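Novice: Dumping the structure here so I can ask a few things about it.
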Amino acid sequence: MRTILFLFALVLSGVVLAQESLTLFECQKMARDHAPRLGDLEVIQEMGETKIDQVSTTWYPSLDLNGKLSYQSDVVEVTLTDPDIPAEFPQVPHDQYGLNLDIIQNIYDGGISRGKKTLEEALMAADLQQVEVDLYRLKGRVNQYYFAVLLLQENRRNLEIHLQILEERYKTVKTAVTHGSVLETELHVIEVEKLKMKKSVIELDSRKKSHMGALRVLCGDGLGVDAILEKPQFEGVEESGINRPELKLFDLKHKSMEAGKELVEKKRMPVLYAFGQTGYGKPGYNMLSETWDTYYMLGAGFKWKIWDWNNTSREKQLIGYQQQILQTQRASFDKEIESLKVQEEASIEQYRLTMELDQQVLELQNKISEKAAVQLDNGTITATDYITELNKESLARITLATHQVMLMQSKANYLTIQGNL
């Protein structure tokens with residue numbers, strides 16, 4: 001019997017090698033590459049760089065072209081009351097025309113532009129990290145479907161072994177029936193059990209197809225429907241503390257809030273600028289001239305908001321409240337992660353202990369089944385009795401395989417919770 005199972009295992013291995021095989025890490029990478037959210041990384045990067053470039057333009061001169069056309073009903077008039085003075089003062093024209101180019105150049109803005117640039121960079125980094133957080137959550141969903149399919153694969157393999165044993169036993173009993181040492185009804189009992197196993201295989205294939213379909217939605221068309229999922233190995237994976245992307249996101253959000261505080265303070269700083277105006281009009285700067293003329297003016301100015309009714313203080317206070325909320329969110333996240341870790345650690349320990357007992361049960365039940373097979377061949381027990389023992393062996397094998405897969409899943413979940421997968 002051991003030789004038969006060994007040969008059958010070789011046949012199964014050949015089938016597996018002929019099919020596409022995928023690892024858990026490959027599926028997770030495929031899910032990330034296929035995620036629509038991945039495209040947001042480039043969009044956010046470009047949007048952030050555009051905002052930073054926009055901030056830089058505050059150092060470019062401001063050019064405004066404006067014109068005017070007006071008529072005044074009254075203008076300033078200068079008249080002399082002494083008739084002995086033979087002088088006549090020109091009058092300001094009632095109609096005025098002008099086309100001006102105004103130029104303003106920032107010289108010192110109190111660090112506002114630098115503060116805005118720092119804030120935009122921090123906000124962009126936080127937005128990019130938010131995408132990484134969303135993409136990382138895909139790993140949990142991939143784990144769920146991956147191990148569901150892997151468990152069905154193992155159950156199907158064990159059912160195939162069970163069915164192969166029945167096939168071999170069917171041949172032996174059929175020979176005994178031919179020689180008249182066993183009743184034909186015993187053969188029918190084994191045949192019924194074979195049909196039940198084939199039915200179970202069909203049901204498993206249907207369930208596997210369903211879960212593979214769900215996994216394929218996450219991973220894309222690159223995941224073949226008939227792909228074989230490999231048992232993951234975690235020996236090379238380092239458990240270097242908590243490395244969840246959410247932690248980096250909390251840090252980046254805090255950094256952006258600090259940048260916001262600094263920008264608020266800079267708004268109170270004095271601003272120094274240069275300005276100029278050139279134009280062509282009637283009159284020019286000489287209001288008493290009635291001719292068209294060109295003109296220009298250069299100068300400098302400054303602005304300083306010396307009192308803002310505590311608006312700056314209130315803005316900083318509001319940002320401080322946001323930081324307090326952020327700290328609470330991080331504390332809640334840390335507590336949740338620790339709780340999930342404890343649960344998975346308990347599951348890992350449970351499966352390790354039960355697997356040792358599962359192996360012992362399987363070895364003992366295998367001996368019982370082999371003895372029952374000899375008794376069936378000798379006609380001392382019925383086929384029903386034999387199948388009862390064989391089913392117990394199959395159940396022990398499936399239980400062991402199930403706990404093996406569950407242990408792998410708990411390890412994968414544990415590493416995912418840590419952020420190390």
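The values are calculated or read from the model by the stated rules, or taken from the named source; none is laboratory data. All values reported here derive from a predicted model rather than from experimental measurement. Cβ: placed from backbone, ideal geometry, glycine included. Neighbour counts: every protein chain shown.
Novice: So which residues in segment 256-307 are among the basic types (Lys, Arg) and outside any loop (DSSP other than H, G, I, E, B)?
Specialist: Going residue by residue through segment 256-307, those that are among the basic types (Lys, Arg) are 261, 266-268, 282, 303, 305.
If the condition is that a residue be among the basic types (Lys, Arg) and outside any loop (DSSP other than H, G, I, E, B), then LYS261, LYS266, LYS282, LYS303 are the ones that fit.
Novice: Further question: Modelled with pLDDT of 95 or more, over 30 Å from ILE337 (Cβ atoms), crowded, with 19+ Cβ neighbours inside 10 Å and under 47 Å from the mean Cα position of the chain (by Cα): is that true of GLN409 in this structure? If you could, list the steps in order and put the result at the bottom.
Specialist: Details: modelled with pLDDT of 95 or more: yes; over 30 Å from ILE337 (Cβ atoms): no; crowded, with 19+ Cβ neighbours inside 10 Å: yes; under 47 Å from the mean Cα position of the chain (by Cα): yes.
Considered against the rule, which asks whether it is modelled with pLDDT of 95 or more, over 30 Å from ILE337 (Cβ atoms), crowded, with 19+ Cβ neighbours inside 10 Å and under 47 Å from the mean Cα position of the chain (by Cα), GLN409 comes out as no.
Novice: Follow-up. Please work out which residue is surrounded by the most Cβ atoms within 10 Å (Cβ to Cβ), limiting yourself to segment 281-291 and to residues that are of a type outside the set (D, E, K, R) and either touching a Phe, Trp or Tyr at 6+ places or on another chain (Cβ under 7 Å) or within 22 Å of LYS116 (Cα to Cα) (or both).
Specialist: Quick first cut of segment 281-291, residues of a type outside the set (D, E, K, R) only: 281, 283-289, 291.
Still in the list and also either touching a Phe, Trp or Tyr at 6+ places or on another chain (Cβ under 7 Å) or within 22 Å of LYS116 (Cα to Cα) (or both): 281, 284-285.
Numbers: GLY281: 18, GLY284: 16, TYR285: 12.
Among them, the one singled out is GLY281.
Novice: Here are some residues: LEU151, LEU223, LEU215. Which one is closer than 27 Å to HIS403 by Cβ and assigned to a loop (DSSP other than H, G, I, E, B)?
Specialist: LEU223
Novice: Then there is this: Inspect all residues belonging to segment 173-195 and state whether any of them is polar (S, T, N, Q), touching a helix residue (DSSP H, G or I) at 6+ places or on another chain (Cβ under 7 Å) and assigned to a helix (DSSP H, G or I).
Specialist: First, the residues of segment 173-195 that are polar (S, T, N, Q): 175, 178, 181, 185.
After this cut, where a residue has to be touching a helix residue (DSSP H, G or I) at 6+ places or on another chain (Cβ under 7 Å) as well, the list is none.
No: segment 173-195 contains no residue that is polar (S, T, N, Q), touching a helix residue (DSSP H, G or I) at 6+ places or on another chain (Cβ under 7 Å) and assigned to a helix (DSSP H, G or I).
Novice: Quickly run through segment 243-255 and pick out the residues that are assigned to a loop (DSSP other than H, G, I, E, B) and crowded, with 16+ Cβ neighbours inside 10 Å. Show your work before the answer.
Specialist: First, the residues of segment 243-255 that are assigned to a loop (DSSP other than H, G, I, E, B): 243-244.
Scanning segment 243-255 gives a single hit, ARG244.
Novice: Mind listing just one residue for me: the one in segment 132-160 that is touching a strand residue (DSSP E or B) at 6+ places or on another chain (Cβ under 7 Å) and of a type outside the set (A, V, I, L, M, F, W, C) and, of those, surrounded by the fewest Cβ atoms within 10 Å (Cβ to Cβ)? Walk me through it before giving the result.
Specialist: We begin by selecting, within segment 132-160, every residue touching a strand residue (DSSP E or B) at 6+ places or on another chain (Cβ under 7 Å); these are 146, 149-150, 153.
Now narrow it down to the ones that are of a type outside the set (A, V, I, L, M, F, W, C): 146, 153.
Numbers: TYR146: 28, GLN153: 19.
This residue is GLN153.
Novice: Here is a list: TYR97, TYR145. Which entry is more than 13 Å from SER56 (Cα to Cα), modelled with pLDDT of 95 or more and of a type in the set (Ser, Thr, Tyr)? First the steps, then the outcome.
Specialist: Values: TYR97 fails: modelled with pLDDT of 95 or more.
From the options TYR97, TYR145, the qualifying one is TYR145.
Novice: Say whether the condition of being under 30 Å from LEU263 (Cα atoms) and assigned to a helix (DSSP H, G or I) is met by at least one residue in segment 339-352. Write out each step before concluding.
Specialist: Of the residues in segment 339-352, the ones under 30 Å from LEU263 (Cα atoms) are none.
For segment 339-352, residues under 30 Å from LEU263 (Cα atoms) and assigned to a helix (DSSP H, G or I): absent.
Novice: Please go through segment 161-187 and pick out each residue that is surrounded by 13 or more Cβ atoms within 10 Å (Cβ to Cβ), in contact (Cβ under 8 Å) with a residue 60 or more places away in the chain and farther than 15 Å from SER394 by Cβ.
Specialist: THR172, VAL173, ALA176, VAL182, GLU186, LEU187 - these are the residues of segment 161-187 that are surrounded by 13 or more Cβ atoms within 10 Å (Cβ to Cβ), in contact (Cβ under 8 Å) with a residue 60 or more places away in the chain and farther than 15 Å from SER394 by Cβ.
Novice: A further question on this structure: Could you list all residues from segment 44-75 that are basic (Lys, Arg) and either farther than 16 Å from GLU121 by Cβ or more than 49 Å from the chain's Cα centre (by Cα) (or both)? Step through it out loud before you land on a result.
Specialist: Restricting attention to segment 44-75, the residues satisfying the condition of being basic (Lys, Arg) are 51, 68.
Listed by number, the list holds a single entry, LYS68.
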